[in-house]
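*Asks:* Just passing along the structure, written as structure tokens.
Read the figures in this text as sums done on the coordinates, not as results from a lab. Just so you know, these numbers come straight off a predicted model, no measurement behind them. In this analysis, Cβ positions are derived from the backbone assuming ideal geometry, glycine residues included, and neighbour counts consider all displayed protein chains.
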Amino acid sequence: MKKINVLLACLLLCVAGLTQSVFAQTDTPKYKIQPGRQNSPGQEGKPYVVLICSDAFRWDYAEKYQAKNLLKFSAEGVRAVSMYPSFPASTHANHFTLLSGLYPSHSGIVGNEFYDPARKEMFKPSDGSWFGEEPIWVTAEKQKMLTASFWYIDTEPAIKNIHLTYIYKHIKNQDATGEERAQALKDWLSLPEEKRPHFIACYFPDADHAGHNFGPNSPEVQKAVAFIDDAVGKMVDAAKSTGVPVNFIFVSDHGMMEIDRENHLHVPASIDKDKFVIISQGNYVNLHAKNPADIMPVYEKLKAEKVPGYDVVLKKDLPAVMRFGQKDDKYNRVGDILLVAQYPKVFTENPIYGAHGFDAHEHKDVQATFFAWGPAFKTHLQIPSFENVEVYDVMTKILDIKGLPNDGTGALAKEILK
């Protein structure tokens, strides 16, 4: 009987090993995998970072809606009063800022929808050629450290001709449960060291959807926060079950604001669409002149109209604190003229209840969340608000990889890491 039990145990171990080997080398129904990759021997013993970004999880949501897990974990680790998203406070722009440490005007990802005059086309997130700068996962993969993503924004296309090693396949119109997220994390952390990703990024859309459709003070947002909090708790438990020491960073890309739902702004009909490419971002509108000679005449005309609810601003005259003006626009993707909404009004044709995008230094409710806990972080530490370009250096320091020059100062890493 003992021999049978030993043989059975050996068989189970072989099956488990085979499952891990197959998972690490080939695609499965849920995972897209780059075959043949492994951590270099020098990277195997490095720490692990799980970056969780919850879209539009406003700076005060954890307290406001009593997210018990997030409050507990952040109380044990690091909790910021808030985090300033970069302008514009939109999803694609700030997700890439978190991964690169670059302001949107420096990374070229200047919004959710934008136009490139040189390419003469609109931004396509699925096309990696739009990303001229390098996110942390590309840097890590170049240094032979494996990475993974569970739906994190803009991690599906190859950037600099490099994919993440592991990508959880996105299924349209199907929301992942907390259990699915926890299982994916457990799957990745249970791999052999040479196949185990050290940087894992995860995305939650729930608070953003609820905030836009029902407003930030709605029962729907409260429900979304509860779901996210429960899912994060499951993910932490899953990580603990593997025995791998994991550092968690929980952030949001921006906050969410109540808006004027009755009096929406509209793009002036007087703007000639044959002369300008018009891109609305909600809180502002980009006007790209096809002929530079048309900029000043149209600017002066719009200023003279004095339509209430928005300001007419030339790109060169944007406040320096926004890091979005002529001197910062590295890829020339910011409009020549901007129509900047005056809160609480926004440019929209749709019935929405919440919006973001505004300057976070002027509007508190656009500010984001930052919590962190794990073996690399100081404990029981609350810190003042800071800019989100600082997060990149924190992650490269923990992972012990060589990061690229960026817009952060390195001050946050010194303040919160042991």
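*Asks:* If the elastic network links every pair of Cα atoms under 10 Å, which of Gly255, Gly354, Gly233 fluctuates the most in the Gaussian network model of the chain?
*Replies:* Of Gly255, Gly354, Gly233, the most mobile in the Gaussian network model is Gly233.
*Asks:* Something else about it: Pairs of alpha-carbon atoms within less than 8 angstrom and 6+ residues apart define the contacts here; what relative contact order does segment 276-351 have, in percent?
*Replies:* On the way: 108 pairs, mean separation 31.2, N = 76.
Across segment 276-351, relative contact order equals 41 percent.
*Asks:* What are the equivalent ellipsoid semi-axes of segment 276-351, built from the alpha-carbon gyration tensor (square roots of five times its eigenvalues), in whole angstrom, biggest first? Could the numbers behind the result be given before it?
*Replies:* Details: eigenvalues 71, 49, 32 Å².
The equivalent ellipsoid of segment 276-351 has semi-axes of 19, 16, 13 Å.
*Asks:* Among 98-104, 75-81, how do they line up by average Cβ neighbours within 10 Å per residue, starting with the highest? Before the final figure, lay out each step's value.
*Replies:* Details: 98-104: 27.9, 75-81: 19.9.
Most protected by this proxy first, the peptides run 98-104, 75-81.
*Asks:* Can you give me the relative contact order of the chain as a percent, contacts being Cα pairs under 8 Å and 6 or more apart? Kindly include the intermediate steps, with their values, before the conclusion.
*Replies:* Working: 899 pairs, mean separation 120.6, N = 418.
Across the chain, relative contact order equals 29 percent.
*Asks:* Could you sort out which of Lys273/Lys345; Lys169/Lys290; Lys327/Lys402 sit more than 31 Å apart by Cα distance in this structure?
*Replies:* Values: Lys273/Lys345 23 Å; Lys169/Lys290 39 Å; Lys327/Lys402 28 Å.
Pairs exceeding the cut-off: Lys169/Lys290.
*Asks:* Pull up all non-local amide H partners of Val246: gap of 5 or more, or a different chain, and H-to-H distance under 5 Å with H placed in the peptide plane.
*Replies:* It is none; the list stays empty.
*Asks:* Which of Thr165, Thr139, Thr348 comes first, and how do the rest follow, when ranked by fewest Cβ neighbours within 10 Å? Each step should come with its number before you reach the end.
*Replies:* Details: Thr165 27, Thr139 24, Thr348 17.
Listing Thr165, Thr139, Thr348 from fewest to most nearby Cβ atoms yields Thr348, Thr139, Thr165.
*Asks:* I need the Kirkwood Rh of the chain: take the reciprocal of the average 1/r across all distinct C-alpha pairs and report it in angstrom.
*Replies:* Values: mean 1/r = 0.0444 Å⁻¹.
In the chain this quantity evaluates to 22.5 Å.
*Asks:* Where both partners of a DSSP beta bridge lie in the chain, what percent of those bridges are antiparallel, to the nearest 5?
*Replies:* Values: 31 of 56 bridges.
The antiparallel fraction comes to roughly 55 percent.
*Asks:* So for Ile228, Ile167, Ile383, Ile259, fewest C-beta neighbours within 10 Å to most, what's the order? Can you show the working numbers first?
*Replies:* On the way: Ile228 28, Ile167 21, Ile383 16, Ile259 24.
Exposure proxy ranking, most exposed first: Ile383, Ile167, Ile259, Ile228.
*Asks:* Report ³J(HN,Hα) in whole Hz for each residue of segment 405-414, in order, from the Karplus equation J = 6.51 cos²θ - 1.76 cosθ + 1.60 where θ = phi - 60°; Gly and Pro get x.
*Replies:* x, 8, 8, x, 9, x, 5, 5, 4, 5
*Asks:* Using a simple spin-label model with points 7 Å from Cα along the Cα→Cβ vector, what separation in nm is obtained for Ile271 and Ala411?
*Replies:* Roughly 3.6 nm, to one decimal.
*Asks:* What distance in nm separates the two pseudo spin-label positions at Val321 and Glu258, each 7 Å out from Cα along the beta-carbon direction?
*Replies:* The answer from the label model is 2.5 nm.
*Asks:* In Å and on Cα atoms, what radius of gyration and Dmax does segment 177-285 show?
*Replies:* 20.6, 63
*Asks:* Report, as a whole number in µm² per second, the diffusion coefficient that Stokes-Einstein gives for segment 234-320 at 20 °C and 1.002 mPa s using the Kirkwood radius over alpha carbon pairs. Provide the component values of the computation, followed by the final result.
*Replies:* Details: Rh = 17.2 Å.
Value of D from the Cα-based Kirkwood radius: 124 µm²/s.
*Asks:* Dipole size in debye (nearest 20) for the chain around its Cα centre, Lys and Arg Cβ +1, Asp and Glu Cβ -1? Each step should come with its number before you reach the end.
*Replies:* Working: 46 positive and 51 negative charges, 270 e Å.
Magnitude of the dipole: close to 1300 debye.
*Asks:* Please sort through the DSSP H helices of the chain and keep those with an alpha-carbon extent of at least 20 Å along the long axis and a Kyte-Doolittle average not below 1.0.
*Replies:* On the way: long enough: 2-25 (34 Å, 1.37); 219-242 (35 Å, 0.10).
Helix filter hits for the chain: 2-25.
*Asks:* Moving on. Please find, in a Gaussian network model of the chain (springs between Cα atoms separated by less than 10 Å), the residue of Asn263, Asn112, Asn388 whose mean-square fluctuation is greatest.
*Replies:* Answer for the Gaussian network model of the chain: Asn263.
*Asks:* Considering the dipole of the chain built from charges on the beta carbon (Lys and Arg +1, Asp and Glu -1) around the Cα centre, which of Pro41, Ala62, Pro319 is farthest to its positive end?
*Replies:* Pro41
*Asks:* With runs of 4+ DSSP H residues as the only contributors, calculate the mean residue ellipticity of the chain at 222 nm using -39,500 (n - 2.57) per run, divided by the residue total and rounded to the nearest 500.
*Replies:* Working: 13 runs with 133 residues, N = 418.
Counting only the DSSP helices, I get -9500 deg cm²/dmol.
*Asks:* Starting from the Cα of Lys68, step 7 Å along the direction of its Cβ; do the same at Asp400; then give the gap between the two resulting points in nm.
*Replies:* Placing both labels 7 Å along Cα→Cβ, they lie 3.8 nm apart.
*Asks:* Here is a further query. Is any residue of segment 252-276 close enough, with backbone N under 14 Å, to a label point placed 7 angstrom from the Cα of Lys301 along the Cα-Cβ axis, and if so, which?
*Replies:* Flagged as within label range: 268-276.
*Asks:* On full extension of the chain, what length is gained from Ser385 through Ser241, given 0.36 nm per residue of separation minus the C-alpha to C-alpha distance?
*Replies:* Details: separation 144, 0.36 × 144 = 51.84 nm, distance 3.31 nm.
Result for the pair: 48.5 nm of gain on full extension.
*Asks:* Now for a different question. Could you pull out every one of the aspartates and glutamates with an alpha carbon less than 15 Å from that of Lys378, ignoring same-chain neighbours closer than 8 positions?
*Replies:* List returned: Glu76, Glu415.
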